Amino acid sequence: MPPAQTLTYSERAARHKNPAAKLLLETIERKNSNLAVSVDVTKREDFLAVVDAVGPLVCLIKTHIDIIEDFDYGLIKRLEELSKKHDFVIFEDRKFADIGNTVALQYSSGVHKIASWSHITNAHPVPGPSIVSGLASVGVPLGRGLLLLAEMSTKGALATGSYTEEAVRMARANSQFVIGFIAQRRMDGVGLVGGDVENEGDFLILTPGVGLEVKGDAMGQQYRTPDEVVRESGCDVIIVGRGIYGTDLKDVDAIRLRAERYRKEGWDAYLKRIRS
């Protein structure tokens, strides 16, 4: 089986068994966009305005729904409407990190009821396999997908070495639900000792810390270009936040222009990768 990074998104969609992974890959191909926008704003009106502005240009919208100060469930209904209108996948960046029973309740219940609307979510592997089984008990019947945090883009992150290797092993053991990783590079072959990478499976790599103008911020975030992430490192989806919507959330035209620039840079890097 050829390595995933040498195949087109549509070829990978055709062979993927998880519904959420298949949906994301098909959306990427259909829209010629491997751009995800992380909408990290605190007001409902601003959140919806940014989503509506970038929606036509992205494959995925990443949310932190618990930072919305004026949240009500009507916001979810509106987000789902925009997802259908603009044809994008929803990823709630919840970063679950507790025992199986607790995360199952956090995923299914409470105020946000994440599993009912978010196609994809993610988790820290630090609690061990029970976190995957707990989330899977809720997510698998709904056709959802889980990403594990194998690496992070902040300076000094502890998700390295044996931690990353264990995250990959956990994913391989639960590939019906774990569809990939938040990581800075492909995880193919990580943790294998004389293993057969050809039977690795197809794990999606979604990568934060992507920027065109700056290399970092005051809180330790480190940035790489779309070309470095997609072409050189073989990642699948670039995640951009402030680099697209900035501080003026009312300037819709500027937000769209920046989103289109990132979309084009990410797609061009992908085309170069599969043609090389």
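Read the figures in this text as sums done on the coordinates, not as results from a lab. From a predicted model like this one, the values you see are computed outputs, not experimental measurements. Here the Cβ is made from the backbone with ideal geometry for all residues, glycine too, and neighbour counts use every protein chain on show.
Some points to look at:
- When only the Cβ of Lys, Arg, Asp and Glu is charged (+1, +1, -1, -1), the dipole of the chain relative to its Cα centre reaches about 420 debye.
- With at most 15 neighbouring Cβ atoms within 10 Å, loop GluC sites (Glu not before Pro) (DSSP) excluded, longest segment of the chain: 70-212
- Radius 14 Å from Cβ of ARG78, net charge of other residues (Lys, Arg +1; Asp, Glu -1): -2
- Selection from VAL54, ILE120, THR27, by position along the positive dipole direction of region 1-130 (Cβ): THR27
- 20 Å Cα-Cα threshold exceeded, pairs from LYS85/LYS113; LYS31/LYS85; LYS22/LYS264; LYS62/LYS113; LYS31/LYS272; LYS31/LYS84: LYS85/LYS113; LYS22/LYS264
- Viscosity 1.002 mPa s, 20 °C: Kirkwood-radius Stokes-Einstein D of the chain over Cα pairs, µm²/s: 115
- Alpha-carbon spread of region 217-276, three principal axes, descending order, Å: 40, 28, 12
- Nearest-20 debye value, region 30-134 charge dipole, Cβ charges on Lys, Arg, Asp, Glu: 380
- For the pair region 86-139 and region 45-64, the centres of their Cα atoms are 21 angstrom apart.
- Relative contact order of region 55-117, defined on C-alpha pairs under 8 angstrom at six or more residues apart (%): 40
- Working from the Cα coordinates of region 1-159, the gyration tensor eigenvalues give, after taking √(5λ), semi-axes of 23, 22, 16 Å in decreasing order.
- Highest-MSF residue in the chain out of LEU35, LEU75, LEU146 [GNM, Cα springs under 10 Å]: LEU75
- Between VAL252 and THR102, residue separation times 0.36 nm minus the direct Cα-Cα distance comes to 50.0 nm.
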